[in-house]
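Please read the structure below before turning to the comments.
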Amino acid sequence: NRTVSILNAWKSYIENDLFKEYSYQRIAQVETVNDFLEQAQNLLNENSIHPASPTIVIGAALEEFLRTWLEEEGEDFTGKPKGINIYTNLLKSKDLIDKQDVKDLTAWAGLRNEAAHGHFDSVNDRLRIKIMLEGVNLFIRKYSKSN
């Protein structure tokens, strides 16, 4: 029976976690962010590369994740200021993240800004940047329903 076949296929689709709350566009955006984080890991593993480089990539990936999350929530950033701290405050005001997340995001934004503005001594500790990467990965997993 065709109806039973369709219902069984739908059941399999759901059981295999293929039914996502996010749009396909959002899923693609999260996958892109994950690709950037993987690139940051590769940079971090290269001792000949200053830790500022992966710090900037991690920060950019995090900013992209936060922006696209807010866009999925209906925010329009046309002509508005952008940045990790702005996105953090918006997410907190919508009760989408908690107080500890705000502290983490603020710290990561600070490290990214230090690297981006050439304050390389502030981001010279490879272990510190590795911890940043691990934290950002955990944060994205926590708030990414597509994983």
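Listed values, structure above:
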| read-out | value |
| --- | --- |
| Among (1) over 20 Å from Leu44 (Cα atoms); (2) hydrophobic (A, V, I, L, M, F, W, C); (3) at pLDDT 95 or above - the single one Phe77 does not satisfy | (3) |
| Residue that is modelled with pLDDT under 95 and either assigned to a helix (DSSP H, G or I) or under 29 Å from Asn42 (Cα atoms) (or both), where the choices are Lys103, Lys82 | Lys82 |
| Residue match in the stretch 119-136 (condition: farther than 17 Å from Val33 by Cα, at pLDDT 95 or above and touching a Lys or Arg at 6+ places or on another chain (Cβ under 7 Å)) | no |
| Positions within the stretch 67-84 being of a type outside the set (Phe, Trp, Tyr), over 20 Å from Val123 (Cβ atoms) and open to solvent by less than 70 Å² (accessible area, probe 1.4 Å), in sequence order | Arg67, Thr68, Leu70, Gly74, Glu75 |
| Among (1) in a helix (DSSP H, G or I); (2) surrounded by fewer than 19 Cβ atoms within 10 Å (Cβ to Cβ) - the single one Tyr87 does not satisfy | (2) |
| Scan of the stretch 49-58 for residues that are open to solvent by 60 Å² or more (accessible area, probe 1.4 Å) and in a helix (DSSP H, G or I), ordered by number | Ile56 |
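Results for (1) modelled with pLDDT of 90 or more; (2) in contact with a strand residue (DSSP E or B) (Cβ under 7 Å, 6 or more places away or on another chain); (3) open to solvent by 60 Å² or more (accessible area, probe 1.4 Å); (4) of a type outside the set (A, V, I, L, M, F, W, C), shown as yes or no for each residue.
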{"position": "Asn1", "(1), (2), (3), (4)": "no, no, yes, yes"}
{"position": "Ser12", "(1), (2), (3), (4)": "no, no, no, yes"}
{"position": "Phe19", "(1), (2), (3), (4)": "no, no, yes, no"}
{"position": "Ser23", "(1), (2), (3), (4)": "no, no, no, yes"}
{"position": "Leu37", "(1), (2), (3), (4)": "no, no, no, no"}
{"position": "Asn47", "(1), (2), (3), (4)": "yes, no, yes, yes"}
{"position": "Ala60", "(1), (2), (3), (4)": "yes, no, no, no"}
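The values are calculated or read from the model by the stated rules, or taken from the named source; none is laboratory data. Since this is a predicted model, take the numbers as computed values, not measurements. Cβ sites come from the backbone with ideal geometry, for glycine too, and all protein chains shown count toward neighbours. Note: areas computed on protein heavy atoms with side chains; ligands, DNA, RNA excluded. Shrake-Rupley method; radii C 1.70, N 1.55, O 1.52, S 1.80 Å.
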